[in-house]
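The values are calculated or read from the model by the stated rules, or taken from the named source; none is laboratory data. Please read all numbers here as calculations on a predicted model, not as lab measurements. Cβ atoms come from the backbone with ideal geometry, glycine included; neighbour counts cover every protein chain shown. For the accessible areas, the whole protein counts, side chains as well, though only heavy atoms, and no ligand, DNA or RNA atoms are used. Shrake-Rupley method; radii C 1.70, N 1.55, O 1.52, S 1.80 Å.
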Amino acid sequence: MKLLKHLIVVLFIWSCTSESSDGETTLPTDDDSMMVTNPLLDFTVPSNFPDATYSIAQNPPTEKGFELGKKLFYDGQLASDGVVSCGFCHIQSFAFTHHTHITSHGVDGQIGTRNAQPLHNLAFMNEFTWDGAATFLDTQPIIPITSDVEMNETVSNVISKLAADDEYPTLFAEAFGSEGVNADRLFKALSQFMVMMVSANSKFDKLERGEAVTFTDQENAGRAVFDTKCASCHAGSLQTDQSYRNNGLPMNPTFNDIGRERVTGLPSDHRKFKVPSLRNIEATFPYMHDGRLATLEDVLNFYTDGMVDSPTLDEQFRRPDGTFGLDITPEEKIQLIAFLKTLTDNDFIEDRRFAEF
Ligand code: HEC
Ligand code: HEC
């Protein structure tokens, strides 16, 4: 492993072919060839996590690939207006979510229909977005780039802009070992950046790994309530079983979002959304796929008093007497919120490696 990490990519970057005034191109020379080292980054699966789903072997994050991915992530050139970067909607201090609007807003202030998801532990997810429309992390960014309410651009335009840029051709060559600015590399670099976003250092993780942390009585009590009433869906270290379910939210008449049915076409998937990870939940407000609930108190009040019935309501919310909802006492709600806050990973939220500046 050590050896691999120090893999040296030797690269010959010829002086850029420059156009002379009469339109002729000067031939490249190898006079100013240079050597670039590009060490592999250490992607480690935390000991309390399941195996990664992303194939690290097929796109191993390297120092230069990661830096390129980060620059792209924060670059407005990926959008038609030159402003709306990925980082515009995915802000690190909120675990890479967006807050100025309930649902995200993109170019020309266009309002989307969904609440921006946090970006963390993506290397461990099977599918992406609230309805699982993206099945591969490398192709997920095509959705925001081309969506007219997000970046409203085409991938080929983005590539033309980057290829004509002063810096990107060199950065692409350094990251991938040969010249060429293309879509495959654009998405691989973005994935290298996102795959490294591992959040595994909350108090909850440390307790799971048996490290020296102690939960307060309230946090412990909250954990016990969580294990009986929430963990069937918000399961395991990732805090999601990655299934799609209807948790009883009333249909939002503005968006009429049918959820997973949009992807599968199955009526049985009507109004089902991916069970979100609750990691960093304290930072990712507002809540639910359309950001309709402002606080964690609102979420718990919804689970006890706000659900509506429908044919696809998850069976776990049905009581034997035909009524539905979760039974959580006011005291348990306070305990649950104390527990949910142990899922905050400040090391991740403040990690300079992922910061724009
Ligand atoms: C206009 C705001 C906006 C921009 C710009 C944006 N996103 Fe997102 N992102 C969202 C929203 C909203 C969702 C949820 C989409 C859905 O469920 O349909 C999302 C979801 C995602 C997900 C899925 C996360 C998961 O857990 O499944 C990834 C990955 C992602 N975005 C990466 C990116 C990248 C990379 C870029 C830049 C190329 C980008 N986003 C640009 C708003 C945005
Ligand atoms: C039957 C599965 C299920 C159970 C049980 C469940 N949830 Fe959820 N939860 C979901 C789904 C699905 C969503 C997303 C719904 C949506 O946005 O349409 C969700 C959303 C949330 C959100 C919002 C997350 C975000 O990123 O916006 C929070 C917070 C939450 N649940 C907490 C809890 C707590 C606390 C409990 C236990 C008291 C619980 N849930 C029980 C399935 C479940």
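For region 275-289, the tally of residues that are closer than 21 Å to residue 105 by Cα and more than 7 Å from ligand 2 (Cβ to nearest atom) stands at 3.
For region 252-267, the count of residues that are crowded, with 17+ Cβ neighbours inside 10 Å and more than 14 Å from ligand 1 (Cβ to nearest atom) is zero.
Which condition breaks for residue 180 when tested against (1) assigned by TED's automatic domain parsing to the domain that holds residue 98; (2) open to solvent by less than 20 Å² (accessible area, probe 1.4 Å); (3) assigned to a loop (DSSP other than H, G, I, E, B)? All conditions are met except number (2). Within region 143-154, does at least one residue satisfy the condition of being out of contact with any His (no Cβ under 6 Å at 6 or more places or on another chain), at positive phi, assigned by TED's automatic domain parsing to the domain that holds residue 52 and open to solvent by 40 Å² or more (accessible area, probe 1.4 Å)? Yes; the residues of region 143-154 include at least one that is out of contact with any His (no Cβ under 6 Å at 6 or more places or on another chain), at positive phi, assigned by TED's automatic domain parsing to the domain that holds residue 52 and open to solvent by 40 Å² or more (accessible area, probe 1.4 Å). Is it the case that residue 333 is in a helix (DSSP H, G or I), at pLDDT 95 or above and more than 25 Å from the chain's Cα centre (by Cα)? Here the answer is yes, as residue 333 does meet what is asked.
Answer yes or no as to whether residue 163 is within 26 Å of residue 40 (Cβ to Cβ) and more than 8 Å from ligand 1 (Cβ to nearest atom). For residue 163, the condition - within 26 Å of residue 40 (Cβ to Cβ) and more than 8 Å from ligand 1 (Cβ to nearest atom) - is not met.
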